[in-house]
Amino acid sequence: MKIHEYQGKAILARYGVPVPKGKVAFTVEEAEAAAKELGGFVVVKAQIHAGGRGKGGGVKVVKTVEDAVTAARNILGMQLVTHQTGPQGQKVGRLLIEEALPIEKELYLGITLDRASGKNVFMASSEGGMEIEEVAHHTPEKILKEVIEPGIGLSGYQARKLAFGIGIPAGSVNAAAKAMIALAKAYDEIDCSLAEINPFILLKDGRVMALDAKINIDDNAMFRHQEFADLRDLAEEDPLEVEASKFSLNYIKLDGNIACMVNGAGLAMATMDIVKYAGGEPANFLDVGGGANEEQIKNAFRILLSDTAVKAVFINIFGGILRCDILATGVVNAARELGISVPIVIRMEGTNVAEGKKILAESGFNFGVADGMKDGAEQVVRAAQ
C-alpha cells in the first residue's frame, strides 16, 4: 500500500526522523491558513503517489501567503503528469504546505529488500534529489549499501560509515546516523516494502532533515497494521484494482487487449509471457488464488470485462484446491449472468479436468478449450485479432 508524502513523514517523525513543519490542505482556504501559520515562505507540494512532481509543475516555492494561494489554486485539481503517472496523469486532491528551508546539500536514503541475499539493504547516496535509477545506471559507485541483519537492525557503525561515505561533515554525522537508524526501525516495525527519503537534506546550520518521504507498506502485513487502513487513498488507485481487492482478487491493469485469469502469481507471469510470445498483449494480471469459488470467478469476469480494451479472455488454471469442475461451473454461470460477448479460451489441467471439460462442452457456449498453454495463447491471440 502506497501512502502520501505527508503521511509518511508523520510516521517517520514518530520514530525520530527529523521532518520539516508542514500541514496538509484539501482546499485553497486550508492552504492559505497553513501558509500564514508557517510564515508565508513555504513550499506548496502536490500529494500524489508518483515521483517527478516538481518537473511536472506540482511543487512551487513561494515567499508570501498570496503567492501560496495562487500556487495552491493552480495545483489543486490539476491533472499532474510525471514520468511515473503515464500520459494520463493523476488528479491532485490534496497539498502539503511546508516550511521552506536553507538547503546546503541534497542526499538520498532508502531501504528495500535485496532478494539475492534475502535481507533488507540500506542504501545511501550523495546524489540526492535525482532519480535513484538514473544514479544506479550512470554512477553506481555513488550508491553505498549496508546489509541489515534480521533481528539486529542497522547498527550505529553502519550508519556512521554511510554518513561519512556520502559526504556529511563530522559535526552532523551523529544526527544523520540517528536519522538512518530511525528510518531502519520504522521500515522494520511497520512492515515496509520500500522506504525512501529523497532528498535527505543537510541544512546550512548543520541539521539534517527528511525533505521527502516515500513509504510503501507490504499489503500482506496489513492485518498487523489496521491503524494504517485509513491512510489508503482510493483516488490514487486504478478503480478496477480497488474493486478486485474487495473480493480478495489480485488484479493489476496493463495496456493490452487480452484479459488473463489464472490461479497463482507464478502462473500469471508465465501466462503473460506466453501471450506476448504468441504475439499478443496482456490486458491485466488477475490471480483468483488457489481456493477461488464460483462467486469470485464471476466477480473476476465482471472486473475483466469492465476494461473496454479487452477483446478476448484467456483462462489458464491448474486445478488443485480450485477444482476444474468448480472453475468450469463458475465460468458458465458467469457467462450466462453477465452476457459475455468476447471470445473465451480456457486451458485447464489438474483435479477433475475431465468433468470440467464436459461442463464446458455441454454449456451451449462456444468456448475455446486449449490443449496446453502454447495452444491456448495462440488461440486467444487469434481471437483478439
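The values are calculated or read from the model by the stated rules, or taken from the named source; none is laboratory data. In this text the structure is predicted, and so the values were computed from the model without any measurement. Cβ coordinates were reconstructed from backbone atoms using ideal geometry, including for glycine residues, and neighbour counts include every protein chain displayed.
When the range 78-128 is limited to residues that are among the acidic types (Asp, Glu) and over 21 Å from residue 140 (Cα atoms), the one that is farthest from the chain's Cα centre (by Cα) turns out to be 104. Among the residues of the range 234-250, those identified as more than 18 Å from residue 47 (Cβ to Cβ) and modelled with pLDDT of 75 or more are 239, 240, 241, 242, 244, 245, 246, 249, 250. Selection of the range 16-33 for residues being hydrophobic (A, V, I, L, M, F, W, C), in contact with a strand residue (DSSP E or B) (Cβ under 7 Å, 6 or more places away or on another chain) and either outside any loop (DSSP other than H, G, I, E, B) or more than 20 Å from residue 186 (Cβ to Cβ) (or both) yields 24, 25, 31. Counting residues in the range 123-142 that are over 30 Å from residue 62 (Cβ atoms), part of a helix (DSSP H, G or I), in contact (Cβ under 8 Å) with a residue 12 or more places away in the chain and among the basic types (Lys, Arg) gives one or more. Tallying residues that are surrounded by fewer than 17 Cβ atoms within 10 Å (Cβ to Cβ), not charged (D, E, K, R) and not in a helix (DSSP H, G or I) within the range 217-246 yields 1. Give me the pairs: first residue in the range 167-191 and modelled with pLDDT under 95, second residue in a helix (DSSP H, G or I) and basic (Lys, Arg), beta-carbon distance under 6 Å, and six or more apart or on different chains, which are they? Going by the 6 Å Cβ cut-off, there are no qualifying pairs. Listed by first and then second residue, the pairs linking a residue in the range 70-81 that is without any contact (Cβ under 8 Å) to a residue 24 or more places away in the chain and more than 10 Å from residue 44 (Cβ to Cβ) to a residue that is of a type in the set (Lys, Arg) and surrounded by fewer than 21 Cβ atoms within 10 Å (Cβ to Cβ), with Cβ atoms under 7 Å apart and 6 or more places separating them unless they lie on different chains, are 77/91; 79/91. For residue 292, the test of being buried (at least 18 other Cβ atoms within 10 Å of the Cβ) and either part of a helix (DSSP H, G or I) or at pLDDT 90 or above (or both) is failed.
Residues that are farther than 27 Å from residue 181 by Cβ, at pLDDT below 95, outside the structural domain of residue 214 (by TED's automatic domain parsing) and over 20 Å from the mean Cα position of the chain (by Cα) do occur in the range 62-77. Note on the range 115-141: among residues that are of a type in the set (Asp, Glu) and surrounded by 14 or more Cβ atoms within 10 Å (Cβ to Cβ), the one that is nearest to residue 202 (Cα to Cα) is 127.
Among residues of the range 1-18 being at pLDDT 95 or above and among the basic types (Lys, Arg), the one that is surrounded by the most Cβ atoms within 10 Å (Cβ to Cβ) is 9. If you check 60, 21, which single one turns out to be charged (D, E, K, R) and either in contact with a Ser or Thr (Cβ under 8 Å, 6 or more places away or on another chain) or in contact (Cβ under 8 Å) with a residue 24 or more places away in the chain (or both)? Being charged (D, E, K, R) and either in contact with a Ser or Thr (Cβ under 8 Å, 6 or more places away or on another chain) or in contact (Cβ under 8 Å) with a residue 24 or more places away in the chain (or both) holds for just one of 60, 21, which is 21. Exactly one residue out of 77, 110 is of a type in the set (Gly, Ala, Ser) and within 23 Å of residue 24 (Cβ to Cβ): that is 77. Taking the conditions (1) modelled with pLDDT of 95 or more; (2) touching a helix residue (DSSP H, G or I) at 6+ places or on another chain (Cβ under 8 Å); (3) of a type in the set (A, V, I, L, M) in turn, residue 283 satisfies each one other than (1).
Residues that are more than 20 Å from residue 82 (Cα to Cα), basic (Lys, Arg) and part of a strand (DSSP E or B) are absent from the range 6-13.
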